[in-house]
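**Student:** One structure, as structure tokens, below. Some questions next.
The values are calculated or read from the model by the stated rules, or taken from the named source; none is laboratory data. Worth saying up front: this structure is predicted, and the values here are computed from it rather than measured. Neighbour counts are summed over all protein chains in view; Cβ atoms, including those assigned to glycine, are modelled from backbone coordinates with ideal geometry.
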Amino acid sequence: MRSPSYEEMCAAHRWEVPARYNIAADVCDKHPRDKPALIWESYDGSVRELDWGELQDLANQAAHTLAAHGVARGDRVAVVLPPTPETAAIFFGVWKLGAILLSMSVLYGDDGIEHRLTDSQSSLLVTDAANAPRFDQPWAPDVLVLDEQTLTGASKEHTCADTAADDPAQLYYTSGTTGLAKGIVHAHRYVLAHEEFVYCHEVHDGERFHGMGEWAWAAGIAPLLGPWRLGAVQCVYRREAGFDPHKQLDFLSRHRVTNVFTTPTAMRSMMAIEDAGTRYPQQFRRVCSAGEPLNPEAIRWFRGAYGLTVLDFYGLTESYPLVANYPGVEVREGSMGKPMPGWDVQILDEDGKPVAQGERGEICLRARSNPHWPLGYWNNDEATEETFGGEWFRTKDAASQDEDGYVWYEGRADDVIISAGYRIGPFEVESPTSSAATS
């Protein structure tokens, strides 16, 4: 089947956002109970396969368990857990109650977690036995320790709050160059804007999908929810510690995963493996990447190893993705691609005027122009008005746009550096460094 051209995608695009919408209802509850949902594997070799009926039961049990611990509509529920079926059920359970999810990495330091818990005023923290001792602190909220048995005694009776599409659902914290991390509040509707899984990944119903991002960032949670919403089977790998490219490629090969979301950091790690394509044969149909600019060297390596061009896309926690590459559109190595269909993205100068073709400017998104538009910064009206109150959201990322509409990244305007493989820059430094490391 032919992939559409960029012009065809843009011409056909329409935003369809219902007045009432709940992430759990759309991503979890709508699927037939006998439809495969999840293949989960741990570093110790254990494997679990769940149909949607099993995951729906777990999600309802999670909702009833959270409610029994006092969680109500609008409450913030913090999660510090590895990726497991029960973790996903907790996510759905939070949304089923109309509460707000704050998921954090188990790798976060205690200071970072303390700030997020205190600032968000989370009413409950869900974690596992391995991490629970970290939260025996005066600043920690009530703690629910989760394992495979925690939810088993709870009712499986269906429950789901009637939420508006504009009701708050997700709280992400993002760091800038100064000050403490600020919480970004997204509404339930933000999941509807993640159409990279339609236009870039072209997710097929029933195909096996894997996202390499941690379930603590937009680039980890969106690749979980978006493909599930479109009917994919999620293949989830629980790592023992850091990223191991051998174990990652072996997992993808054994489970015959066809659609993958990766990051440039993960790809650079894979590039160190000799003969990766023959040692770990794959059935990839689509592979996409985001988090930082994807170097041409990485694109060429992946094409040589697996005969596939990785499609890069770009975005921030506030709005993601803004710009992307697509299967039916020529990929120009080093370019972030073209604006997503339905996203009014322009390159502007400091006065908010469009720059000339090929000139450096700032990537900007027209305010309130798509479902991913945030509700604001948590408990920070001043920052919300400053960042989101005008006509444009200014990303602080510099770029130029060529005569064919391709966007070329030219550095981070405020030189922010964020760890864990997300938004590391500037590209002018990163690209030659990567080249030297792989030569």
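**Student:** Here are some residues: GLY206, GLY226, GLY176. Which one is closer than 20 Å to TRP95 by Cα and either small (Gly, Ala, Ser) or modelled with pLDDT under 95 (or both)?
**Tutor:** After ruling out the rest, the residue left standing is GLY226.
**Student:** Here's another thing I want to ask about it. Counting only residues that are among the acidic types (Asp, Glu) and part of a strand (DSSP E or B), which one in region 27-57 is surrounded by the fewest Cβ atoms within 10 Å (Cβ to Cβ)?
**Tutor:** If we take residues in region 27-57 being among the acidic types (Asp, Glu) and part of a strand (DSSP E or B), then GLU49 is surrounded by the fewest Cβ atoms within 10 Å (Cβ to Cβ).
**Student:** Cβ contacts < 7 Å: first residue touching a residue at least 40 places away in the same chain (Cβ under 8 Å) and under 14 Å from ARG366 (Cβ atoms), restricted to region 320-344; second residue aromatic (Phe, Trp, Tyr) and assigned to a loop (DSSP other than H, G, I, E, B), any location; separation 6+ or different chain. Result?
**Tutor:** From region 320-344, the pairs are LEU322/TRP343; GLY342/TRP15.
**Student:** For region 57-114, what are the residues that are farther than 25 Å from SER42 by Cα and free of Cβ contacts under 8 Å to residues at least 12 places away in the same chain?
**Tutor:** If the condition is that a residue be farther than 25 Å from SER42 by Cα and free of Cβ contacts under 8 Å to residues at least 12 places away in the same chain, then ASP111 is the only one that fits.
**Student:** Look at ALA276 and say whether it is of a type in the set (Gly, Ala, Ser) and within 30 Å of GLY342 (Cβ to Cβ).
**Tutor:** no
**Student:** Using the structure shown, decide if GLY411 is closer than 18 Å to GLU292 by Cα, assigned to a strand (DSSP E or B), at pLDDT below 95 and in contact with a Pro (Cβ under 6 Å, 6 or more places away or on another chain).
**Tutor:** Against the criterion (closer than 18 Å to GLU292 by Cα, assigned to a strand (DSSP E or B), at pLDDT below 95 and in contact with a Pro (Cβ under 6 Å, 6 or more places away or on another chain)), GLY411 qualifies.
**Student:** Are any residues in region 134-163 assigned to a strand (DSSP E or B) and among the hydrophobic types (A, V, I, L, M, F, W, C), and if so, which ones? Walk me through it before giving the result.
**Tutor:** Looking only at region 134-163, we keep the residues that are assigned to a strand (DSSP E or B), and these are 142-145.
Result: VAL143, LEU144, VAL145.
**Student:** While we're on this one: Scan region 74-101 for residues that are outside any helix (DSSP H, G or I) and either hydroxyl-bearing (Ser, Thr, Tyr) or in contact with a Gly (Cβ under 8 Å, 6 or more places away or on another chain) (or both) and report the count.
**Tutor:** So the answer is 5.
**Student:** Taking strands (runs of 3 or more DSSP E) that fall entirely within region 164-229, which contain at least 3 residues that are under 21 Å from PHE261 (Cβ atoms)? Give the steps one after another, and end with the answer.
**Tutor:** Values: elements: 168-174, 182-187, 208-211.
Output list reads 168-174, 208-211.
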